[in-house]
Amino acid sequence: MQKVYDIIMCIMTYSIGQKYMLFNKNQIQMGIVSMMDMKNKIVLICNNPVFLTAISKTSKKDCYIVEQADIIQNESALEKYGTNMKLAVVEANKWGNEPADLSRFIKNFKEDENFLFLLICDQGQQKLAVQAVRMGAIDVILMPCESEIIQKRVNNILRLLHLRQQVLRDPLTKIYNRAAFENAVRRLMKQEKAQAAFIMIDLDDFKYLNDTYGHDVGDMVLIRVARILTEVLDQKDVIGRMGGDEFAVFVPSIYSKENFLQKVEVIFSRLRIKFTKKGKEVNVSGSIGIAFFPEYGIDFNRLYRNADRAQYQSKNNGKHSIKIYGSDKTH
């Protein structure tokens, strides 16, 4: 039976167009699995033959798009992507027998209730296995282990990940729902040391659009807006649907306000959506409000409230405009 000590993976959210980070496999025994919703499927990227075989045999294989790639990770990259990681499968041999080493490894993820990790260790490493369970490990695999057992555990973990994605995502737009968005932003705000921004987006006259052309057209527009935000924004940015036609974005670590505002302008211009329905040209636009962290809120509720106020002012100023909280200017 082939050993699976090198099944070390991290599952993270992945945006279309994002380039993979490649490292030499000899640097550190850690692989990456990236995950995203693509046409209601989850993309898994890994290079381990045992895990790939296990995925191919899972009862939910039609829910996944699998791409084989040699993607290796190091600890600096773990810190960079930490808030997006959903699963880390850790090989005990990397850490030795000290639970403290494992504790240091997952220190960045303790605040994330959606983060899972699985430990692979030898029969003589029970001390580490017990510590992993105490720290919330989703599973511990003691090697050697029969392939059938590994298959069953892989099935269970993939099923759990799929269910969690369904819970976290808005069923229509596939971006974060309100609760998941708030949890993700709260975690980022605890870590954030640079300037950040909270963006509120509300579609103009959306009720009229729904009432006039039907909810199918309204749903199409909402899906289009979510796609625009996903395409324009970076992987590190958090996107959510707050309900109805309201969307929210949290952009962490802004080191150039000019570059940030240019990105907002791109979103603003692309929110001018035009299409023909019932022989008439339909125009959709959106109003945007922005509040900067930490100047106008160091906690989620205050920052959200101020961004929402700015968005409301944008509506009152004639709609389809950008308002920054604390500024007299309307863009």
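Some points to look at:
- In the set Asp204, Asp219, only one residue is touching a Ser or Thr at 6+ places or on another chain (Cβ under 6 Å), more than 15 Å from Tyr176 (Cα to Cα) and either of a type outside the set (Gly, Ala, Ser) or surrounded by 14 or more Cβ atoms within 10 Å (Cβ to Cβ) (or both); that residue is Asp204.
- Matching residues in segment 185-221 - criterion: being over 26 Å from Leu168 (Cβ atoms) and β-branched (Val, Ile, Thr): Thr212, Val217
- Among the conditions (1) under 23 Å from Gly243 (Cα atoms); (2) free of Cβ contacts under 8 Å to residues at least 60 places away in the same chain; (3) not small (Gly, Ala, Ser), Tyr304 misses just one, which is (2).
- Positions within segment 274-294 being in contact (Cβ under 8 Å) with a residue 40 or more places away in the chain and either under 13 Å from Ile324 (Cβ atoms) or not small (Gly, Ala, Ser) (or both), in sequence order: Lys277, Lys278, Val282, Val284, Ser287, Ile288, Gly289, Ile290, Ala291, Phe292, Phe293, Pro294
- Filtered residues of segment 290-320 (kept if touching a helix residue (DSSP H, G or I) at 6+ places or on another chain (Cβ under 8 Å) and either aliphatic (A, V, I, L, M) or not assigned by TED's automatic domain parsing to the domain that holds Asp245 (or both)): Ile290, Ala291, Ile298, Leu303
- Of the helices (runs of 4 or more DSSP H) lying entirely inside segment 75-172, the ones with 1 or more residues being at pLDDT 70 or above and either closer than 25 Å to Lys190 by Cα or assigned by TED's automatic domain parsing to the domain that holds Lys190 (or both) are found at 126-134, 147-168.
- Criterion violated by Asn301 - all others in (1) out of contact with any strand residue (DSSP E or B) (no Cβ under 9 Å at 6 or more places or on another chain); (2) outside any helix (DSSP H, G or I) satisfied: (2)
- Residue tally, condition surrounded by 15 or more Cβ atoms within 10 Å (Cβ to Cβ) and farther than 11 Å from Val266 by Cβ, over segment 224-235: 6
- Flag if Asn283 is in contact with a strand residue (DSSP E or B) (Cβ under 6 Å, 6 or more places away or on another chain), surrounded by fewer than 19 Cβ atoms within 10 Å (Cβ to Cβ) and either within 22 Å of Asp245 (Cα to Cα) or aromatic (Phe, Trp, Tyr) (or both): yes
- Selection within segment 159-181 - over 20 Å from Arg224 (Cα atoms) and surrounded by 19 or more Cβ atoms within 10 Å (Cβ to Cβ): Leu161, Gln165, Ala180
- Identity of the residue in segment 185-201, outside any helix (DSSP H, G or I) and not aliphatic (A, V, I, L, M), that ends up surrounded by the fewest Cβ atoms within 10 Å (Cβ to Cβ): Lys193
- Of all residues making up segment 240-253, the number that are of a type outside the set (Lys, Arg), surrounded by 18 or more Cβ atoms within 10 Å (Cβ to Cβ) and at pLDDT 95 or above: 8
- Test set (1) assigned by TED's automatic domain parsing to the domain that holds Lys319; (2) outside any helix (DSSP H, G or I); (3) among the hydroxyl-bearing types (Ser, Thr, Tyr) - Tyr208 fails condition number: (2)
The values are calculated or read from the model by the stated rules, or taken from the named source; none is laboratory data. What you see is a predicted model, and the numbers here were worked out from it, not measured in a lab. FYI the Cβ positions are ideal-geometry reconstructions off the backbone, even for glycines, and counts take in every protein chain you see.
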